[in-house]
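First the structure, in the form of structure tokens, and then the observations on it.
We did not get these values from a lab; they are worked out from the coordinates using the rules stated. Just so we're clear, the structure is a prediction, and the values are computed from it rather than from any experiment. Don't worry about glycine lacking a Cβ; one is built from the backbone with ideal geometry, like all the others, and counts go over all protein chains shown.
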Ligand code: FES
């Protein structure tokens, strides 16, 4: 068995070979300016970088990579920065989620194919973090995640704003005619103040926080702003620590367990995190032999209070979370619910990491005796409309709508939605339930974040702020509203969502964890017979692979052949 001791380093297999290849590989290192005395018998550390100027959230990661390198050198390793594809949430069409599995394959194969003993993963924007984790877990070399950190709080006309919760809020104001196009343009220049990812508790911030709970990131990683020198020092520490992890041979398969996933799920509920994290955690677990299902998310939700008062559900932003103590302070508050013995990349247990953690602002991070909600902010629903489950972030919903029955208004796809939602002749009222289909992993494709269906303009002008909205797509972690997403199976895969007709009654009952189409089961079956023969669009290359192998949201939308045996 490998010990991680220097004479037993994985990378030596590339060089200690009598074949010409061993000689040429060393020639290549010397060609990079590395003397044999520098690289011989030292751990070779990859710095897997999702830097790209097309991913504004990750555009500062080369600076962080430099700090990681210095840490690696200082600890006696030899760093090699390498690029993998970058997934920019704003730019990629139809959605960055379509390419998350491609990134994970890129990461896994780059690590596997190269003479590396350990790796530091640099990500930040929504899909880069889970893609890095999935690939690194499959490659199973010692690995530490360093995220780029959140942007600084935005300020505009005396208000503190968060991307992109407040972009959405002001877009509604614009559509309702309460701000004008000049205001909207002025806001555009104020929203993104610094490098870093969105600074609400959206998907990027959620995944960065969960990585600490999983034990795959150093304490404090989640919240320090990208522009804060504590983030660059953390990157330096990660560089030093990865060399130690190689010596300990502490790799993901020795860090992850059912207990560490439970810790992450409890943390997700305590922070009122993004619904997207459910899909990503299921995908990461699927790369291990640790069983995890949607049911576990709901079970732990019932007994985990929500403590973090951050947008989109709450008041504050990631900078406030950092100054309150960040993830260590939050984890310290819920320590009695966590498994403290889980190992982490510090080489110590989670419980040991949390010793001395302090909560410096109990308004931002509530205490257990003064929670924002007695139970978690996310719920898993089942019923005749979602036999394999669906998700609602009820912490960001309108409480009065959590039990609701209404008439379905169905949109076949996103195009029809955008064409029709503001039609003055659309027969719609505030009690109706807006339904979008054709937006799941296959239908989107890529399960785009279309789940926050716009409120029809004519209702907005009457002051309607929220309605029940249901789809097989996702929502941005920065969104709020009474929005049911991830309906499984999706309509494109023959789920009952495909059978809904405008005028049908739908009943949502979040306390009972139910979502039902109030149509006779035989009638649903009869309608589905007619729609099951939809033809998949022609696709080539990666997209063909995607259509042939992507799984549904309840299995993390991973590819079937990438899951652990
Ligand atoms: Fe990158 Fe929001 S756009 S995290």
Open item on the list: Taking the Cα of residue 458, stepping 7 Å toward and past its beta carbon, and measuring to each backbone N in the stretch 389-414: which are under 16 Å?
Closed with: 409-410
TODO: Please give, to one decimal in nm, the separation of the simple spin-label points placed at residue 547 and residue 20, each 7 Å out from Cα toward the Cβ.
DONE: 4.4 nm
Open item on the list: Give me the extension gain from residue 415 to residue 361: residue separation times 0.36 nm, minus the current Cα-Cα distance, reported in nm with one decimal.
Closed with: 14.9 nm
- [ ] Calculate how steeply helix 521-531 sits against the longest principal axis of the alpha-carbon atoms of the chain, using the helix alpha-carbon long axis, and give the answer as 0 to 90 degrees to the nearest 10.
- [x] 70 degrees
Open item on the list: Suppose the chain between residue 91 and residue 431 were pulled fully straight at 0.36 nm per residue; how much longer would it get relative to their current alpha carbon spacing?
Closed with: 118.9 nm
Open item on the list: Based on alpha-carbon atoms only, what is the radius of gyration of the stretch 354-481 relative to the globular estimate 2.2 N^0.38 Å?
Closed with: 1.27
Task: Cut-off 14 Å, label 7 Å out along Cα→Cβ of residue 8, residues of the stretch 105-133 by amide N - done: none
Open item on the list: Please compute the length gained on full extension between residue 113 and residue 369, using 0.36 nm multiplied by the number of residues separating them and subtracting their Cα-Cα distance.
Closed with: 87.1 nm
- [ ] With r as the distance between the Cβ atoms of residue 182 and residue 528 and R0 = 45 Å, compute the FRET efficiency 1/(1 + (r/R0)^6) and round to 0.05.
- [x] 0.35
TODO: Among DSSP beta bridges whose residues both lie in the chain, state the antiparallel percentage, nearest 5.
DONE: 45 percent
Task: Degrees between helix 61-75 axis and first principal axis of the chain (Cα, 0 to 90, nearest 10) - done: 30 degrees
TODO: Would you give the gap between the C-alpha center of the stretch 300-350 and the C-alpha center of the stretch 19-73, rounded to a whole Å?
DONE: 33 Å
TODO: Hey, for a label at residue 561 modelled as a point 7 Å past Cα toward Cβ, could you say which residues of the stretch 436-462 have their backbone N under 15 Å away?
DONE: none
Open item on the list: Let's test the formula: R0 of 41 Å, r as the Cβ-Cβ distance of residue 539 and residue 336. What FRET efficiency results, to the nearest 0.05?
Closed with: 0.25
Task: Cα-based helix-to-principal-axis angle, 276-286 vs the chain, degrees rounded to 10 - done: 50 degrees
